[in-house]
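The block underneath contains the structure these notes are about, expressed in structure tokens.
The values are calculated or read from the model by the stated rules, or taken from the named source; none is laboratory data. Keep in mind it's a predicted model, so treat the numbers as computed, not measured. So basically every Cβ, Gly included, is an ideal-geometry build from the backbone, and we count neighbours across all protein chains shown.
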Amino acid sequence: MGLIKSRKVKYSLLFLVILWVALIPVVAQTIAIETNATSLIFHVAFNGELRQSYFGEKIQPSAQKHISISSFAAYPTYGGYEVHEPALRVVHADGNLTTELVYVSHEQQKVKDGVTSTQIVLKDKFYPLTVTLHYKTYREEEIIEQWMEITHQENSDITLHNFFSSHLTFQQSAYWLTSFSGNWANEMNMEEVKLEDGMKVLESKLGVRSNQFGHAAFLLSLNGKSAEEHGTVVGGTLAWPGSWKLSFETDAQHNLKILAGINPYASQYILKPKEKFTTPTFLYTLSTKGKGEVTRRFHAWARKHNGIYKPERPRYTLLNNWEATYFDFNEPILKQIIGDASEMGIDLFLLDDGWFANKYPRDHDRAGLGDWAVNKKKLPNGIGELIKESKKKNVKFGIWIEPEMVNPKSELYETHPDWVISAAHREIDVSRNQLILDLSNPKVQDHVFGVVDHLLTQNPEIAYLKWDCNRYITNAGSSYLPAKQQSHLWVKYVEGLLDVLKRVRAKYPEVYLMLCSGGGGRIDYATLPYFDEYWISDNTDALDRIFIQWGATHFFPPIGLASHVSVVPNHNTQRTTPLKFRFDVAMAAKLGMDLQPKDMPAEEKLLSKGAIQEYGTFKHIIQDGELYRLLSPYESNRVALMYALPNQQEALVFSYLKKKEIYGNNQVLLLHGLDPKRNYRIKEVNKFGKDHSSIQHLTDKAFTGEFLMTYGIRFTMYNEYDSVVLQLVTE
Ligand code: GLA
């Protein structure tokens, strides 16, 4: 009996050993998501759960075996032992609230040179529910793009409550978070705070114009405040023009968990069997060379991988009539503006709001929106006449539209009151006197596409469209979506919008598009790929713009950032700044103008003409250059930034003074991005009529890149709103 027992024990032990050996590959399964400098390492744990064991500077494959399996779920769900905010929360068909995911398989493929895609398939331990985590890595640009897909075969619908694109865990002693918040005419304010234990949330519940109060982007500095050129900083942004949420949960052990995705607030999504739900993508990078490197990586990625439309094509310098006339114009006025714009060397005239609607003329923002027929009183000869005039004056023609919106006082609303977003049995809630068309409805999508299509087929010489969007969702409700799916509106609207944009681009690949949303209310990497440029703010005050542009270019490419010279006192702030300062600020991005040229003194017109012409000689450095921030407007009275071409042949340096300094400001500008060995000749550009440079000791002299990056550029600035622009060219 005893012998039999001990044999049994022996066989059982043997069996266990065999099982253990057989399981080794599963237990030790490692999945590495890698760029040139970063590793994100996952392990499959003994219980089949996928864990994030490492995210940081590259760990060579030979050393990866030493990474131990962490206890951090890669994609935590509501259920099991998880008590933190879950990435996924599902109510199953039978009412079960919990989900427990285990690893099934993974695959990696090369998409193209430098781009690899990884899919990790997970499934619930009990329910037929599959979650696929997708990662796309851009090796050179160091960007990781992540999203999730979920599908199931339960016997009836399931409901998704949380459905985040990404979940990342960090184990450091302290975290500093920078956010980008604001409001109309005051966008992109940067604020850096230390994360305390608990939850910090950045979010938008606006659905449309979702960036009005903040952008779905952040910088996370590990173990200290962020610096430009050193320290570990993670930068992330969600590619989604709808409601978004970024949450940062720090526990008592200083572990930080970041969730990024669609805001689940009031957005539960009913998923039918076999239906697939795909989240937007979350783009992120981990830099060990400060936040400057985060920026350069996003810009390089946008330039190389179409983060913005046709990144290589030259942008037009345009003159917009918005601040020149607002709604108050007619054909002769516009012809005069076109003529003056042409004389100043402007490439394109952009006709803003107010050109349409007859029954309820668009003479103010209270009527006419939605009725896209030319207003016969203001423009009796149609847009065609203006295009003809522009052509005659050798200027291209662009026009403003806001096709997603409608004034209640419009023929469109009279015909289709059911097309607007509005909750049943509630008063309509107007904002800027307008309502949002319900883009979850395919008929409305066709209509919005039709507005663009009609305008462009009728006027094939329109070279540019400014696509505006001036309000966010309130009183959410759709008369198209079924009762049970009202909460889908937040997602379906965005899908409808992106679909329309895709159709527009398929048919009109050459038209330039500007992304505008009451200023910078909609800027993200899902929308930007359809647009050549974006309007970051209705605030054109040059001093405020320094801050706004500073914030925006942390993630979004400067060549797409339209920046317009306008009149003084500025319409928003009443501030008066010199014309040169206004140009020098606008020239650090994509230069344009927003004023009535007729009201400019002849000398200013001439100076503007010179500035526009000169901008044409160096704008390629902004388009293709790498941005280095030298002196921050948040930290010093003097502000400086520079662009250096990746081939290190040319660079541009901008220096501004915000306030008078009686004894002068002689802060050193330590340059970056130059070739230490090459000689760079310095030239002051945009001298604004002066025949001598204000910094004689530097101009037309050559210095080595090494000297400029160690000793730097040194010159004193004294006056409020002083500005200097220097171009550096290798000899
Ligand atoms: C928004 C835009 C402005 C202008 C107006 C027109 O506010 O941001 O640039 O186009 O609409 O109504």
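Couple of notes before you dig in:
- Considering the conditions (1) over 22 Å from the mean Cα position of the chain (by Cα); (2) away from the ligand (no atom under 16 Å from the Cβ); (3) hydroxyl-bearing (Ser, Thr, Tyr); (4) within 30 Å of Asn572 (Cα to Cα), Tyr326 is excluded by exactly one of them, (2).
- None of Ile383, Ile337, Ile387, Ile333 is within 16 Å of the ligand (Cβ to nearest atom) and either on the phi < 0 side of the Ramachandran plot or in contact with a strand residue (DSSP E or B) (Cβ under 7 Å, 6 or more places away or on another chain) (or both) except Ile337.
- Leading residue by the ranking (farthest from the ligand (Cβ to nearest atom)) among those in segment 340-363 that are within 19 Å of Ile612 (Cβ to Cβ) and among the aliphatic types (A, V, I, L, M): Met344
- Of Leu439, Leu456, all but one fail to be part of a loop (DSSP other than H, G, I, E, B), more than 16 Å from the ligand (Cβ to nearest atom) and either within 23 Å of the chain's Cα centre (by Cα) or modelled with pLDDT of 95 or more (or both); the exception is Leu439.
- Identity of the residue in segment 515-524, in a strand (DSSP E or B) and either basic (Lys, Arg) or within 9 Å of the ligand (Cβ to nearest atom) (or both), that ends up surrounded by the fewest Cβ atoms within 10 Å (Cβ to Cβ): Ser517
- Residue in segment 534-555 that is assigned to a strand (DSSP E or B) and under 14 Å from the mean Cα position of the chain (by Cα) present: yes
- Just one of the listed residues (Asp347, Asp371, Asp353) is farther than 21 Å from Ala463 by Cα and of a type in the set (Asp, Glu), and it is Asp371.
- Taken together, Val193, Val208, Val201 contain a single residue that is without any contact (Cβ under 8 Å) to a residue 24 or more places away in the chain and either farther than 22 Å from Thr232 by Cα or among the aliphatic types (A, V, I, L, M) (or both), which is Val193.
- Condition check for Glu85: touching a helix residue (DSSP H, G or I) at 6+ places or on another chain (Cβ under 7 Å), outside any strand (DSSP E or B) and of a type in the set (D, E, K, R): no
- Some residue of segment 631-640 being closer than 29 Å to Asp524 by Cβ, without any contact (Cβ under 8 Å) to a residue 24 or more places away in the chain, among the acidic types (Asp, Glu) and out of contact with any helix residue (DSSP H, G or I) (no Cβ under 7 Å at 6 or more places or on another chain): yes
- For Val374, the conditions (1) away from the ligand (no atom under 16 Å from the Cβ); (2) under 28 Å from the mean Cα position of the chain (by Cα) all hold with the exception of (2).
- Failed condition for Asn96, given (1) in contact with a Gly (Cβ under 7 Å, 6 or more places away or on another chain); (2) part of a loop (DSSP other than H, G, I, E, B): (1)
- Residue list for segment 153-198, filter: of a type in the set (Gly, Ala, Ser), buried (at least 16 other Cβ atoms within 10 Å of the Cβ) and more than 16 Å from the ligand (Cβ to nearest atom): Ser165, Ser166, Ser179, Ser181
- Only one of Arg7, Arg89 that is surrounded by 15 or more Cβ atoms within 10 Å (Cβ to Cβ), among the basic types (Lys, Arg) and either within 21 Å of Gln119 (Cα to Cα) or modelled with pLDDT under 95 (or both): Arg89
- Of all residues in segment 488-507, one or more are under 26 Å from the mean Cα position of the chain (by Cα), crowded, with 17+ Cβ neighbours inside 10 Å, away from the ligand (no atom under 16 Å from the Cβ) and among the small types (Gly, Ala, Ser).
- Candidates Thr577, Thr540, Thr527, Thr553 - the one that is of a type outside the set (A, V, I, L, M), in contact with a helix residue (DSSP H, G or I) (Cβ under 6 Å, 6 or more places away or on another chain) and either in contact (Cβ under 8 Å) with a residue 40 or more places away in the chain or more than 16 Å from the ligand (Cβ to nearest atom) (or both): Thr577
- Residues located in segment 463-487, provided they are over 26 Å from the mean Cα position of the chain (by Cα) and either of a type in the set (Gly, Ala, Ser) or surrounded by 22 or more Cβ atoms within 10 Å (Cβ to Cβ) (or both): Gly477, Ser478, Ser479, Ala483
- Here Leu607 fulfils each of the conditions (1) surrounded by 22 or more Cβ atoms within 10 Å (Cβ to Cβ); (2) more than 24 Å from the chain's Cα centre (by Cα) apart from (1).
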